[in-house]
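Colleague: Dropping a structure here in structure tokens format, bear with me for questions.
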Amino acid sequence: MSTSRGAPVSTSRVAVIGVGNEYRRDDGVGAAVIAYLQLHDVPDVEFTVADGEPSQLIEAWSGARLAVVVDAVLCEPPNPGRIHRTSLEAMPSGAGIASTHGLGIPDAMRLAEVLDRAPQRLVVYAVEAADLGFGVGLSPALDGVIPKLASAILTEVTEVTEVTADAAQVLEVTAVADTSSAASKSSPLPSNS
């Protein structure tokens with residue numbers, strides 16, 4: 001199947017996109033989870049790190065059956081490290097996620113729909129940030145949720161691709177080990193916030 005102006009839609013193509021700036025502390029959570037996932041054998045997935053500019057997102061997810069986007073968000077009241085998951089189906093028209101970028105993911109998705117370059121399904125993991133100041137490295141609260149976040153993303157991916165049992169098991173074991181050592185620093189993952 002092909003779109004009129006966009007890339008052909010693949011029945012199995014999955015794009016995982018980490019959004020942010022790794023030189024702005026917690027804004028680098030997207031890049032950090034991409035780096036973590038790339039350490040493991042996750043076949044049939046295209047990993048991209050983007051700064052949040054809409055054309056980069058559209059290029060990365062065009063033609064994808066599933067696009068998973070990870071980004072840092074600011075919330076009031078803050079709960080650094082808390083993970084919010086939403087899907088396109090759950091995102092009401094006109095609603096937005098308070099991205100740390102000028103235009104948010106919903107804006108990019110609306111533009112992609114107009115250009116006929118939207119993914120078939122979009123899932124967004126928004127991680128509450130603690131520190132968006134200049135510097136490298138995540139705050140302890142965000143660093144501690146990377147394994148849990150990677151495991152949640154792998155669950156999304158396995159619904160679409162045929163990830164080998166070995167890759168899923170290695171990532172799950174690593175996430176459990178990393179989570180138990182950072183248990184005091186992380187928040188529970190809500191099922192759908």
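Every read-out reported here was derived from the displayed coordinates using simple, explicitly stated rules and does not represent laboratory data. Not measured: the values here are computed from a predicted model. Methodologically, a virtual Cβ is constructed for each residue, glycine included, from the backbone with ideal geometry; neighbour enumeration extends over all protein chains shown.
Colleague: Using modelled backbone amide H atoms (1.01 Å from N, in-plane), which distant-in-sequence or interchain residues come within less than 5 Å of VAL49's amide H?
Modeller: GLY18
Colleague: Spelling out what I want: for every residue of region 112-121, take phi, set θ = phi - 60°, compute 6.51 cos²θ - 1.76 cosθ + 1.60 (Karplus), and round to whole Hz; glycine and proline get x.
Modeller: Computed from phi, the couplings for region 112-121 are 4, 5, 5, 7, 6, 10, 7, x, 5, 9 Hz.
Colleague: Around VAL136, with a cut-off of 15 angstrom between Cβ atoms, what is the net charge of the other residues, counting Lys and Arg +1 and Asp and Glu -1?
Modeller: For residues surrounding VAL136, the net value is -3.
Colleague: Starting from the Cα-Cα distance between ASP107 and ASP41, subtract it from 0.36 nm times their residue separation and give me the gain in nm to one decimal. If you can, show how the numbers build up before the last one.
Modeller: On the way: separation 66, 0.36 × 66 = 23.76 nm, distance 3.23 nm.
Full-extension gain reported as 20.5 nm.
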